[in-house]
Structures are given as structure tokens and as C-alpha cells.
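All of the numbers you see were taken from the coordinates with simple rules; none came from a lab. Values in this document were obtained by computation on a predicted structure and should not be read as measured data. Methodologically, a virtual Cβ is constructed for each residue, glycine included, from the backbone with ideal geometry; neighbour enumeration extends over all protein chains shown.
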Amino acid sequence: MDRETFVATFGSLFNGATWPLERAWEARPFDDATTLRAAIEDAVLTAEHSEQDALVRTYPDMATLITADEEQAGAISQDVGSFALENLAEEDVEAVRDLSARYAERFDMPFVAYLGRTDSFDAIIENGVRRLDHSRGHERRVALTQVAEIAGDRFGIMVADANPIGSAWIRKFESLQ
């Protein structure tokens, strides 16, 4: 693929940011999907701090993500998210809004976290409260890792058919839920 096609093909991995893909493209050729994924991750993790911080800021905070209605959710994320977050009580919504506000005040970035299909609301709150105790430098790394996890999940969905064994295993696991 030429650079433009590559960036367009994988453009949905990062909420509008293309520089990780442009840098990953430079690492071609890729032997397989795993090598491509590693190149994308390395592009993110070796970038300048200002680029990394700007990348994290392109993601919605947890309060926005969790409280979005179906239409809003489609506009801010194509991810599946957690099944455990439907029908939250008002006190749950207020708790995540408070946590997201405290996080933004402390770290000057959104409270971004990868949501697995089975993540619970309590786990999200516990994780966020724990993260509030981190140093700024530590939390920068954690937030960036969460962005990489989100992109990795999106990548896995995009290339699922490129790895039939892995795809079959994941489908089998998902059918158990």
C-alpha cells in the first residue's frame, strides 16, 4: 500500500490522529498483522511527549463515553465497550462525572480507559480512583497505554480475518458470554 492508502485504511484506529500511522508506514514491509500492530504501537510509544499528550486528548473521558446515548456513542467511538454499563443509576453517572472531573483537574487530560466487554462500573471507578494517586509522569504512561489498548482492539477487529485461528478462538470465547 502507498502511504495515503495505508493511512486511510487504518485511519479509524486513532480518533483522527494520523501521525502514528504515517510513522508506522515507514517501518514497512510487515511480515504479518502482528508486526504491523507492533509498528503502530511503537510509533505511539516513541513519539514526543507533546504528540502523545495531544493524542490522549482526542479521546472522550469516561463520563462522556459512559453517558452517551446510542447516537452520540456512534459519533465518539466505534468500539463495542462493556455490556455491564447499560442502565446505570443516576448516582453511578454522577460518580463517573465526578471522577472524570477530578482526573482532568489533576492531570489536565481526559480520563481515558480501555473498556473490555465484561468490565464493570465498579471496576472502572476503582481503577480511576487508583489512577488519581499516580504521579503525573506515571499517569501519562498509563493513559497512553490505554489509548494503545483501544487502538489495538480496533486493529484486532479490522484484521480479524487475517488471523483465522485467533479470530476463531475469540469468536468461541465471545459465544460463551
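Full extension of the chain segment joining Asp53 with Trp19 gains 10.9 nm, where the gain is 0.36 nm per residue of separation less the Cα-Cα distance. The GluC sites (Glu not before Pro) found in the range 1-70 that occupy coil by DSSP, while having at most 15 further C-beta atoms within 10 Å, are Glu26, Glu48.
Estimated at 0.36 nm per residue, the fully extended path between Arg97 and Met158 surpasses their Cα-Cα distance by 18.8 nm. Applying 1/(1 + (r/R0)^6) with R0 = 45 Å to the Cβ-Cβ distance of Arg136 and Glu90 gives a FRET efficiency near 0.90.
Taking 0.36 nm per residue of separation and subtracting the Cα-Cα distance, full extension of the segment from Arg3 to Thr145 would add 48.6 nm.
Looking at the range 1-52, none of the chymotrypsin sites (Phe, Trp or Tyr not before Pro) sits in a DSSP loop with at most 11 other Cβ atoms within 10 Å of its own Cβ. In this calculation the C-beta distance from Ala123 to Thr46 is compared with R0 = 41 Å, giving a FRET efficiency of 0.85.
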